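Colleague: Below is one structure. I have some questions about it.
Just so it is clear, none of the values below were taken in a lab; they were calculated from the coordinates. Not measured: the values here are computed from a predicted model. Cβ: placed from backbone, ideal geometry, glycine included. Neighbour counts: every protein chain shown.
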């Protein structure tokens, strides 16, 4: 007895997770922008001022989290390519 | 009166003689000799093996088989999960309305306290012990745990622990509220926990102490088992990742739980014997927080490391490739284990402690994010370039990774002193740690249950129900705990039975809306868990039978672990009741290795 399950490329799933988490950051930003707590002054990377509106804070959240996770995703892609190349040269 | 005393003394004497008689019959702890078989302290009959386990309930009450004890832990954990879950639902329904929908303040505080303690000590630790008991001996090629009887004792301490922790709920109606459930919150902060005269607090503390003793006994057993009972072909170099995490977790338990036990005894003495450990004129109330969190933060890793091990074990199986950077995952586990003892005061940033100390705890708290990120990196890299099979265990593993990222990132912010000072004691903290305890730990537990369901039931679960369970849990978790993060930003303090807001801080309508969203999410979670329990029970009784030892087609990728090989041998050597080959039927546990392999 075994379960028949189709195969999905790992890249696709990882990118989907990335998009979902960045989108969640956007939703949180939108919510915060709607609530407008006192002293809300989003500044992208501490440099670029954004308006404290729902879309401004959503953009802040998506860019901040997106860039942060992109670094990690970039590392994953880089390391996978490096190790993939090593595996091709040396199948052990 | 004198006659009564005499009778009582006589009864005590009989009891003592009985205990002594029992003790003389307990011989070599490592033997399987059943007491009913006449084993004594002389150990003469230590080599006698029971050919069959007793039938019915006696089997479960007397078992020292690691697999049976694993199942008992599992049953216990799921019952505790249900009780803790019902408490969570009551909390969520209460908070729909600002004035509280269904409970009085005392009832709310009782349920809040018991929810936390139940989920952490009666569900979290035991459900991990369930997997560890069942599978560690199989994974490392051992016949059983190093100390099977201590294993059984450790489990059987847990039911009385639960009864003591919940005692107030049972005793309040019959004692006219003389004994009520504890209302101290799970952190039991002094002076509140010293000043509550209610004896239910003492009962809860004793129950907690007992569960700590059980966890410590289990931890000693796991350490001894992994060190001394490994099969000849299992070295430190090829020890599986789940065993590594259980070994590290056991070491953490060994250092953390005895400290909790000591602190609890001190608290009990402050409450009942007028000592001043936590009184202002003595050690001070803050001493409790230091002692509690010196246990409490390693406890977080006691709960999260083995689930990380489960994900590290299961995720590669459905990715079609080995775990990326195995060594680094092990090193990260060990690093988290060591660092976990150096971060406790980040729970106390707002207590007015020395700012220089605060800064050092912030630095270590940020540093512990590094090994956690290394693990996340390795899981994602394992999936990248992999051929993913999105079966239910894999879905829960992916859910674990996603929720752990959210729980982890929100935690990194809390580790920063300025952010913590703003968000301390708000629902942001509640949202953060629930993303970890439910979104990550809970999901890994579900992944483990589905992955090994064929091993412990001999049947396959229903795939559609499994996926429904996953999606409802994923949506419910994110809706509930995301709303809590937002509530935290709005300044909603945690632990309150009712709430009202100054419009200058946040409009009450917004706060109520997010509470409502969290409650809707909790109901979605509840439906998912009902489906899970139904699937578990019905599939156990009626699911399609497993016919070979590789239901997940792991052999194709060369990833068939020892527990599946054991299971395959078990299937091959099993014969039906009343079968013919009696010699073969005796070969159950160790089984006969396949000669053609």
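Colleague: How big is the Kirkwood radius of segment B:399-546, worked out from every pair of different alpha carbons and given in Å to one decimal? Show your work: numbers first, answer last.
Modeller: On the way: mean 1/r = 0.0599 Å⁻¹.
Hydrodynamic radius (Kirkwood, Cα only) of segment B:399-546 equals 16.7 Å.
Colleague: With a ≥ b ≥ c taken as the square roots of the eigenvalues of the C-alpha gyration tensor of chain B, please select rounded if a/c is under 1.5 and otherwise prolate if a/b is larger than b/c or oblate if it is not? Don't skip to the end; give the middle numbers.
Modeller: Working: a/c = 1.68, a/b = 1.19, b/c = 1.41.
Taking the square roots of the gyration eigenvalues as a ≥ b ≥ c, chain B is oblate.
Colleague: Could I ask something else about it? Roughly how many Å is it from the Cα centre of segment B:337-391 to that of segment B:188-211, as a whole number?
Modeller: Comparing the Cα centres of segment B:337-391 and segment B:188-211, I get a distance of 31 Å.
Colleague: If packing is taken as the mean number of other Cβ atoms within 10 Å per residue, what is the order of B:314-320, A:39-45, highest first? Walk me through the intermediate numbers first.
Modeller: Working: B:314-320: 24.4, A:39-45: 12.0.
Descending packing order for the listed peptides: B:314-320, A:39-45.
Colleague: Using a 10 Å cut-off around each Cβ of peptide A:72-78, what is the average number of partner chain Cβ atoms that fall inside? Don't jump to the answer; show the numbers that get you there.
Modeller: Details: counts 6, 3, 0, 3, 11, 3, 1.
Per residue, the number of nearby Cβ atoms from other chains is 4 on average.
Colleague: Rounded to the nearest 500, what is the 222 nm mean residue ellipticity of chain B from helices alone, with -39500 (n - 2.57) per DSSP H run of 4+ residues and division by all residues?
Modeller: Details: 23 runs with 385 residues, N = 597.
Taken over chain B, the calculation gives -21500 deg cm²/dmol.
Colleague: Just checking the output field for A:11-24: average partner chain Cβ neighbours within 10 Å of each residue's Cβ? Walk me through the numbers before you get to the answer.
Modeller: Numbers: counts 5, 2, 10, 10, 1, 2, 7, 3, 0, 3, 5, 0, 0, 5.
Averaged over the peptide's residues, the number is 4.
Colleague: Would you give the gap between the C-alpha center of segment B:271-333 and the C-alpha center of segment A:4-53, rounded to a whole Å?
Modeller: Their Cα centres are 29 Å away from one another.
Colleague: Also: What would the Debye equation give as log₁₀ I(q)/I(0) for segment A:10-66 at q = 0.19, 0.21 Å⁻¹, counting only Cα atoms as equal point scatterers?
Modeller: Scattering profile of segment A:10-66, log10 relative to I(0): -0.61, -0.70.
Colleague: While we're looking at this one, here's another question. Mind ranking B:514-522, B:55-63, B:9-17, B:296-304 by how tightly packed they are, going by the mean number of other C-beta atoms within 10 angstrom, highest first? Write down the numbers at each step before the final one.
Modeller: Working: B:514-522: 20.3, B:55-63: 11.7, B:9-17: 10.0, B:296-304: 23.6.
Highest to lowest by the protection proxy: B:296-304, B:514-522, B:55-63, B:9-17.
Colleague: Which whole number gives the average count of other chain Cβ atoms within 10 Å of the Cβ atoms across peptide A:27-34? Mind showing how you got there, number by number?
Modeller: Numbers: counts 3, 5, 0, 0, 8, 4, 0, 2.
That average works out to 3.
Colleague: If neighbour count is taken as other Cβ atoms inside 10 Å, put B:375, B:562 in order from fewest to most. Mind dumping the intermediate values first?
Modeller: Working: B:375 23, B:562 17.
Fewest-to-most Cβ neighbours within 10 Å comes out as B:562, B:375.
Colleague: A further question on this structure: Highest first, please rank the peptides B:489-496, A:48-55 by the mean number of other Cβ atoms sitting within 10 Å of their residues. Mind dumping the intermediate values first?
Modeller: Details: B:489-496: 17.9, A:48-55: 14.2.
Result, highest mean Cβ count within 10 Å first: B:489-496, A:48-55.
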